[in-house]
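To start, the structure itself, in structure tokens.
The values are calculated or read from the model by the stated rules, or taken from the named source; none is laboratory data. Keep in mind that this is a model prediction, so the values were computed, not measured. Cβ atoms come from the backbone with ideal geometry, glycine included; neighbour counts cover every protein chain shown. Accessible surface is based on the protein model in full, side chains and every heavy atom, while ligands, DNA and RNA are left aside. Shrake-Rupley method; radii C 1.70, N 1.55, O 1.52, S 1.80 Å.
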Amino acid sequence: MDRPRRTKLSTFENLEYLRLQAIIRKVRWRWRLKMLLRGSGLAALAALVTVLAATWGLDAFRYRPLATIVLSVLTYGALLYVAWRFIVRPLARTVSDAEVALFIEEQAPGLQAALLSAVQFGSPSERAELREVSPRLVEKVVEQALSHGKAIQYGAGVDREGMRRVSGLATLAAIAIVATLAINPTFLRQGMP
């Protein structure tokens, strides 16, 4: 079985641009992980509050059939909306390399637009279109952006504080759910829709 051959990189600048792309991909992956953690934490907390409210409502309405149906539909509808709003929609959004570079530069202002310039002018397709820009200048811009890559730990150090916050939110949501299940209130046990 023959594997398709990868084309060899013909120039130094393509290799440098691929290194730059690796940093962009790593930051994009961290951003998606952050969105997933944030969405999961918010969805879990919303699920806990919604289920508690629904079970309290069932208890207050003495488990009448109409109340059971209405509260079940509202609970599942709210859970689906929260999952769509905070998990599916943010993760389905396509983020361009330029947007990721701008995000990195917002987190590390010392880059002074070097990364954004490198992403915009360093791609081989852009180079083919911009004949009036010196290839040596583009090469230097990409090299400069890569030298700044160490300052952001090649993507791993970008938005570290934000990752801590959303990790804390997801942990808090998990603890709240476990604590609620451990307490095991009677109305919750009997009233789950």
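Listed conditions (1) open to solvent by less than 60 Å² (accessible area, probe 1.4 Å); (2) modelled with pLDDT under 70 are all met by E132, apart from (1).
Please indicate, with yes or no, whether at least one residue in the stretch 27-36 is over 16 Å from A173 (Cβ atoms) and not in a helix (DSSP H, G or I). Looking for residues that are over 16 Å from A173 (Cβ atoms) and not in a helix (DSSP H, G or I), one finds none in the stretch 27-36, hence no. If the condition is being among the small types (G, A, S) and surrounded by 14 or more Cβ atoms within 10 Å (Cβ to Cβ), then the stretch 43-72 contributes A43, A44, A46, A47, A53, A54, G57, A67, S72. Apart from one condition, Y154 fits all of (1) touching a Gly at 6+ places or on another chain (Cβ under 9 Å); (2) open to solvent by 80 Å² or more (accessible area, probe 1.4 Å); (3) at pLDDT below 70; (4) part of a helix (DSSP H, G or I); the exception is (1). Cβ separations smaller than 9 Å between residues 6+ apart or across chains give the following pairs from the stretch 61-74 residues that are hydroxyl-bearing (S, T, Y) to residues that are part of a loop (DSSP other than H, G, I, E, B): T68/F61; T68/P193; S72/P193. Among the residues in the stretch 163-175, are any at pLDDT 80 or above and charged (D, E, K, R)? Scanning the stretch 163-175, I find at least one residue that is at pLDDT 80 or above and charged (D, E, K, R), so the answer is yes. Restricted to the stretch 79-119, and to residues there that are open to solvent by 30 Å² or more (accessible area, probe 1.4 Å), modelled with pLDDT under 90 and among the small types (G, A, S), the residue that is farthest from K140 (Cα to Cα) is S96.
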